[in-house]
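The values are calculated or read from the model by the stated rules, or taken from the named source; none is laboratory data. Predicted model only: the values in this text are computed from it and were never measured. When we count neighbours, we look across all protein chains shown, and the Cβ atoms used for this are built from the backbone with ideal geometry, even at glycine. Side chains included, ligands, DNA and RNA excluded: accessible areas come from the protein's heavy atoms. Shrake-Rupley method; radii C 1.70, N 1.55, O 1.52, S 1.80 Å.
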Amino acid sequence: MVEQYIVVVAVVIASLLGFVFLFYKSLVRFWGLSKLKRRASMEFPKENRINKNGSGEDVGTTDIIIVGAGVAGAALAYSLGKDGRQVRVIERDLNPPDRIAGESLMPGGYLKLIELGLEDCVDEIDAQRNQGYILYKDGKNAPISYPLEKFHSHVVGKNFHNNRFVQKLRKKAASLHNVSLEQGTVTSLLEENGTIKGVHYKDKSSQMLTAYASLTVVCDGCFSNLRRSLCNPKVDVPSYFVGFILTNCKLSDQNHGAIILADPSPIVFYPISSTEIRCMVDVPSQNLPSLSNGEMSHYLKTLVAPKVFPETYDSFISAIEKKDNIKIMPNRIMADAPHRTPGALLIGDSLNMRHAITGGGMTVALSDVVLLRDLLRPLHDLSDASVVCKYLQSFYTLRKPMSSTINILASVLHKVFSSSSDPTIEDIQHACIGYLRLGGVFSSGLSAMIAGLCPRPLSLAFHLFALAIYGVGRLLLPFPSPKRLWNGAKLLW
């Protein structure tokens, strides 16, 4: 009863704070757009640009060039090809990618896949159903179950090997006669009088080639060498994910992943096939041990292994000792601050990234693809780059609800889940578990946003404020002593 009272009070206060938050964000957005317009009128960046008269054999003109054939690039190529566009896709390596990212597709991302007609790309790759996660902390647990009651039974999150999924997407794109998929490394964008006219790239034999298009879409991932020319290049790396595959073990609930809130790092488990479980250990950037000299293996065995589930311990140790099984991925945070560039557009991880703790990257990328496809459909002629550029500026605004909801939530949850010498973080972790255990709209509201089913920043603001106030209420009970008041103030701060 007391907890319900706390939440009711939280609702009232959070609503008021939410309106203040929205008003503040509106001012920020207004000034941000003004700065963006001033920046767009400045001199065109020179990095990764060459004149269209540069050397290289001319391979012709298409409607659209897509740089990168990952999840976003391959899905976009297929959707634009289905709409009748002539599309050239240039990918640096068409072999199956070897990476530990892009293995969790949230239910919201799966719905986008259905919109694109690509839902069969998760078939026959041994994909596993993902209905949410379970948080574990000091013997307590709280479920984060995706609210899927209103959807058909096949609408669910999917976990899989990234390379199997990407290869299926590429095969679908290449099956269209008007989509050309080729291996090559784009070295620069071709610019003439401030407008992108195409790309300059090397093919598999290192021959320099030049391709022209009315619109060039860059979606070659977070390590894109073209991003600096089209967007604010600032990148933050708060931590790294150390990933490896466990075999010969099972999670207590195969339809749910597991997140252990441990010291020194949160540990994530989720199945990626019927026989394999992916383990991801979050390690702060400033404390990343070396992989080459054995420090990483020692770190995992001594500091992390004692925190994992007893039923996965032996497999955990075996996975660490297996040669070349450990991979490291930076958790890059990149804001979507694009320059207005006629003839070119950024989408997916090339434009914007968030911490990978919630696995929302593919959902944002596929949402970008659906949005861009729908925006381009009425445009039968893309030849006037300045008009198309002005029209496509709405893309960056329309993508905000999905991207900002998932981005902010990922950043907040990473900070909440990470260990800290500050006891306030411990209080917030317990508050988070208690809030989720309330069930109802509190649990389903947060899980719907994690799942990409509720891309509403106002709802996110409400839940974050309500969670904070719920945490303060827990600290003040049974009576507000000076120490508890002080701890509550620190938690709010």
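Here the chain is assigned +1 on the Cβ of each Lys and Arg and -1 on the Cβ of each Asp and Glu. Its dipole about the Cα centre then comes out at about 1140 debye.
Solvent-accessible area assigned to carbon and sulfur over the stretch 236-333 amounts to 49 percent, based on a 1.4 Å probe.
Rolling a 1.4 Å probe across the protein heavy atoms gives the chain an accessible surface of 45 Å² per residue. Relative to the current alpha-carbon distance between Leu379 and Glu119, full extension at 0.36 nm per residue lengthens the span by 91.0 nm. Across the alpha-carbon set of the stretch 210-266, the Rg to Rh ratio works out to 1.19, Rh being the Kirkwood radius. Once the Cβ-Cβ distance of Met329 and Trp486 is raised to the sixth power relative to R0 = 60 Å, the FRET efficiency obtained is 0.95. Carbon-plus-sulfur accessible fraction, the stretch 183-229 (probe radius 1.4 Å, protein heavy atoms only): 43%. Toward the positive end of the charge dipole of the chain, with +1 on the Cβ of Lys and Arg and -1 on the Cβ of Asp and Glu, the farthest Cα among Asn407, Leu476, Ala72 is that of Leu476. Note on the stretch 267-355: Rg/Rh from C-alpha atoms, Kirkwood Rh, equals 1.12. Would you mind computing, in nm to one decimal, how far apart the modelled labels at Leu291 and Asn193 are, each placed 7 Å from Cα along Cα→Cβ? Rounded to a tenth, the inter-label distance reads 4.8 nm.
In plain terms, if you count all Cα to Cα distances in the stretch 364-466 and split them into 5 Å steps from zero, the share in each step is 2, 11, 18, 17, 14, 10, 9, 7, 5, 4, 3, 1 percent.
Within the accessible area of the stretch 366-478, the carbon and sulfur atoms contribute 62%, probe 1.4 Å, all protein chains present. Extension gain, Leu476 to Lys301, is 59.1 nm, computed as 0.36 nm per intervening residue step minus the present C-alpha separation.
When a/c reaches 1.5 or more, the comparison of a/b and b/c decides; with that in mind, is the stretch 219-370 rounded, prolate or oblate per its Cα gyration tensor? Because a/c hits 1.5 or more and a/b exceeds b/c, the stretch 219-370 counts as prolate.
Counting only alpha carbon atoms, the long axis of helix 310-321 and the longest principal axis of the chain meet at about 40°.
In a simple Cβ point-charge model (Lys, Arg +1; Asp, Glu -1; nothing else charged), the stretch 76-235 has a dipole of about 260 debye relative to its Cα centre. Scalar couplings 3J(HN,Hα) for the stretch 93-99, obtained by applying the Karplus form with A = 6.51, B = -1.76, C = 1.60 to θ = phi - 60°, are 8, 8, 5, x, x, 10, 8 Hz; x denotes Gly and Pro. Of all beta bridges that DSSP places with both ends in the stretch 43-179, some 70 percent have antiparallel geometry. Putting +1 on Lys and Arg Cβ atoms and -1 on Asp and Glu Cβ atoms, find which of Ile320, Asn287, Pro264 reaches farthest to the positive end of the dipole of the stretch 236-333. Projecting each Cα onto the dipole axis, the largest value belongs to Ile320.
By the Cα gyration tensor, the stretch 415-493 has an equivalent ellipsoid whose semi-axes, rounded to whole angstrom, run 24, 13, 11 from largest to smallest.
On C-alpha positions alone, give me the angle between the axis of helix 400-417 and the longest principal axis of the chain, in degrees, nearest 10. Its long axis makes an angle of about 40 degrees. Number of Lys-Lys pairs in the stretch 56-188 with C-alpha atoms under 15 Å apart and a separation of 8 or more places or on different chains: 4. Extending 7 Å from the Cα toward the beta-carbon at both Ser206 and Arg437 defines two label points whose distance is 6.3 nm. Across all directions, the shadow cast by the convex hull of the stretch 373-423 built on its C-alpha atoms averages 5.3 square nanometres. Between the residues Gly439, Met106, Pro143, the greatest Cα displacement towards the positive end of the dipole of the chain, with unit charges on the Cβ of Lys, Arg, Asp and Glu, is found for Gly439. The amide H of Ile134, built 1.01 Å from its N in the peptide plane, has Ile144, Gly257, Ala258, Ile259 as neighbours under 5 Å, considering only residues 5 or more places off or on other chains. Under the simplified labelling scheme, the Phe223-Ala337 pair shows an inter-label distance of 2.4 nm, with each label point 7 Å from Cα along Cα→Cβ. Separation of the stretch 257-331 from the stretch 75-141 is 24 Å, based on Cα centroids. Working note: Cα gyration tensor of the stretch 150-242, eigenvalues times five, square-rooted, sorted largest first, giving semi-axes of 30, 22, 15 Å. Of all DSSP-defined beta bridges confined to the chain, some 65% are antiparallel rather than parallel. Quick one: angle between helix 457-476 and the longest Cα principal axis of the chain, in degrees between 0 and 90, rounded to 10, please. It is inclined by approximately 20 degrees.
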